[in-house]
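All of the numbers you see were taken from the coordinates with simple rules; none came from a lab. This one's a predicted model, so the numbers in the text were calculated from it and none came from an experiment. With ideal geometry, Cβ positions are generated from the backbone for all residues, glycine too; neighbour counts draw on all protein chains shown.
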Amino acid sequence: MSTPVTTASESIPAQTAGAGKGASRLRTPRRNTPGRPKRSVLLTVLTGLMLLYTVVPLIWLVISATKTQEGLADSGGLWFADDFALWDNIRDTFTYNDGVFVRWLLNTVLYVVLGAGGATFLAILGGYALAKFNFPGKRAVFAVVIGAVAVPGTALAVPTFLMFSKMGLTDTPWAVIIPSLVSPFGLYLMWVFATEAIPTELLEAARMDGASEARTFFQVSLPLLAPGIVTVLLFTTVATWNNYFLPLIMLKDSDWYPLTLGLSVWNSQAETIGGDVIFNLVITGSLLTIVPLIAAFLLLQKYWQSGLAAGSVKE
């Protein structure tokens, strides 16, 4: 009985074919399909609740500003009344009590320009110096700044009032402007941002080219700090614009009231005997008060986006 003999020339192609099939199966590239993010029902519900918590009061404010004093009592909070009185309410808000709302608006702008603007400028200078210069006591300054961030402003209101009372500055605009110049959180934010946004090699190159420290700061560092500056400016602007407690204890003359305190006075008129009930003007004034803040956020948001590239310089 004879057995078949397989030659080497016959077996090699068979092995090669088998290996080729195996290699083709092993080398088949996998499709890199981007994975879909996992959906979280809990996160979706929490986000929806947060959206309602944020948007519903704004919707109520806009709708209520279109109603008369009688319409506020006769209609639902989230639906319009029969009469659309938005333009009449705006006109009455600006003309009520000899146009005192305009005076309060100008006072608020004054406090924001000098207080928030000055606080931002001081935060830029302090944050840049703490980030890029070494000096004795730097750790102590860091501890003081962190401690100041943790202290609420209301805890310092009474000592600030007593100090300004001794200096005779109460019931003046300086009693609101000077405390607004101090922003520990803005200083800390600029410190952190300057540390990452300004490469040390860039400053050394400017100094080697003969640039002074002032020129290096204004021409080299300041453009790189633009996103951080805008962020600090918005924080200080919102804090000064919405400041209520400090003007409440510092000011007695209504001619120096900001919008927050002035609208509170209008709102409290309903609780006094013979006082005018002008809730429609209070609501309209509140709507007019938040419009500049919304516009500021919408106009300056592009500077936040430009800050995403901060720290991308390869060292």
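With a 10 Å Cβ neighbour count serving as the proxy for reagent exposure, in which order, fewest first, do PHE164, PHE94, PHE133 appear?
Values: PHE164 20, PHE94 16, PHE133 9.
By the 10 Å Cβ count, ascending, the order reads PHE133, PHE94, PHE164.
Can you find, among PHE121, PHE135, LEU251, the residue farthest towards the positive end of the dipole of the range 93-308? Put +1 on the C-beta of Lys and Arg, -1 on that of Asp and Glu.
Comparing the listed Cα positions along the dipole, PHE135 ranks first.
Return LEU259, LEU110, LEU130 ranked ascending by Cβ neighbour count within 10 Å, so the fewest neighbours appear first.
LEU110, LEU130, LEU259
Among the aspartates and glutamates, which have Cα under 12 Å from the Cα of LYS138 when same-chain residues fewer than 8 positions away are ignored?
none
In whole angstrom, how far apart do the alpha carbon centroids of the range 139-190 and the range 34-111 sit?
So the two Cα centres are separated by 32 Å.
Give a residue-ordered list of calculated ³J(HN,Hα) values for the range 217-228 (Karplus: 6.51 cos²θ - 1.76 cosθ + 1.60, θ = phi - 60°; whole Hz; x for Gly, Pro).
Once rounded to whole Hz, the list reads 5, 6, 9, 10, 7, 4, x, 6, 8, 4, x, x.
Counting other C-beta atoms within 10 Å, which of LYS38, LYS302 has the fewest, and how do the rest follow? Numbers along the way, then the final one.
Working: LYS38 6, LYS302 10.
In order of increasing Cβ crowding within 10 Å: LYS38, LYS302.
Could you calculate the contour length gain from SER212 to PHE80, that is, 0.36 nm times the residue separation minus the distance between their Cα atoms, to one decimal place in nm? All intermediate terms of the calculation are to be shown ahead of the outcome.
Working: separation 132, 0.36 × 132 = 47.52 nm, distance 6.23 nm.
Result: 41.3 nm gained on full extension.
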